[in-house]
Amino acid sequence: MPHELQPLGKAVKRAQYRQHRALDSGLATVGTTLAQWDALRAIGASPGASARALSAATFQSEQAFGTLAGRLVALDLIERRPGAGRRIEHHLTASGERVLAAGHRVADEVLAACFAPLSAADRATLLDLLHRMAGSADT
């Protein structure tokens with residue numbers, strides 16, 4: 001049994017790696033990277049969020065997210081604004097909103113290709129199984 005789990009884990013990682021490479025290549029055509037677009041997506045979903053919340057949403061350390069946010073500010077894709085206390089809020093700029101929208105179009109195309117071998121029922125089953133593994137029904 002334990003030996004059966006290793007190929008399963010490797011297959012999940014291989015599928016994720018393939019998807020990430022395809023997304024990164026596609027997103028490059030609209031002038032961004034997967035990490036940058038994921039941060040824009042998180043900020044777009046939660047305008048005004050703190051670095052702590054955004055680092056959790058993007059599966060990064062707070063330090064890594066802070067470095068990434070600094071690059072996004074330099075690219076004029078986000079703004080950092082003072083919030084309550086020492087909190088810094090993150091917001092998309094107009095340029096950031098355009099890159100985010102372009103990235104959504106790319107992601108839709110890339111993910112359609114990645115999941116094309118699966119039927120709609122297979123995709124629903126896979127999503128359910130992954131949610132069960134993660135212990136939640138988050139989207």
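Filtering the stretch 1-44 to residues that are more than 15 Å from the chain's Cα centre (by Cα) and hydroxyl-bearing (Ser, Thr, Tyr) leaves only THR29. A residue that is at pLDDT 95 or above and in contact with a Cys (Cβ under 7 Å, 6 or more places away or on another chain) occurs somewhere in the stretch 22-34.
Here is a yes/no grid of residues against (1) in contact (Cβ under 8 Å) with a residue 40 or more places away in the chain; (2) in a loop (DSSP other than H, G, I, E, B); (3) open to solvent by 60 Å² or more (accessible area, probe 1.4 Å); (4) under 26 Å from ALA11 (Cβ atoms):
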| site | (1), (2), (3), (4) |
| --- | --- |
| ASP24 | no, no, yes, yes |
| LEU27 | yes, no, no, yes |
| GLN36 | yes, no, no, no |
| PRO47 | yes, yes, yes, no |
| ARG52 | no, no, yes, no |
| ALA64 | no, no, no, no |
| LEU68 | no, no, no, no |
| ARG80 | no, no, yes, no |
| ALA84 | no, yes, yes, no |
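Count, please, the residues in the stretch 1-20 that happen to be open to solvent by 90 Å² or more (accessible area, probe 1.4 Å) and under 23 Å from ALA116 (Cβ atoms). Selection size over the stretch 1-20: 6.
Of all the numbered requirements in (1) touching a residue at least 60 places away in the same chain (Cβ under 8 Å); (2) assigned to a helix (DSSP H, G or I), VAL12 misses one, and that requirement is (1).
Restricting attention to the stretch 95-119, the residues that are open to solvent by less than 70 Å² (accessible area, probe 1.4 Å) and either part of a helix (DSSP H, G or I) or farther than 19 Å from ALA22 by Cα (or both) total 15.
Does ARG41 count as part of a helix (DSSP H, G or I), modelled with pLDDT of 95 or more and charged (D, E, K, R)?
yes
The values are calculated or read from the model by the stated rules, or taken from the named source; none is laboratory data. Note that this is a predicted model, so its numbers are computed, not measured. Cβ atoms come from the backbone with ideal geometry, glycine included; neighbour counts cover every protein chain shown. To get the accessible areas, we keep the full protein, side chains included, count just its heavy atoms, and leave off ligands, DNA and RNA. Shrake-Rupley method; radii C 1.70, N 1.55, O 1.52, S 1.80 Å.
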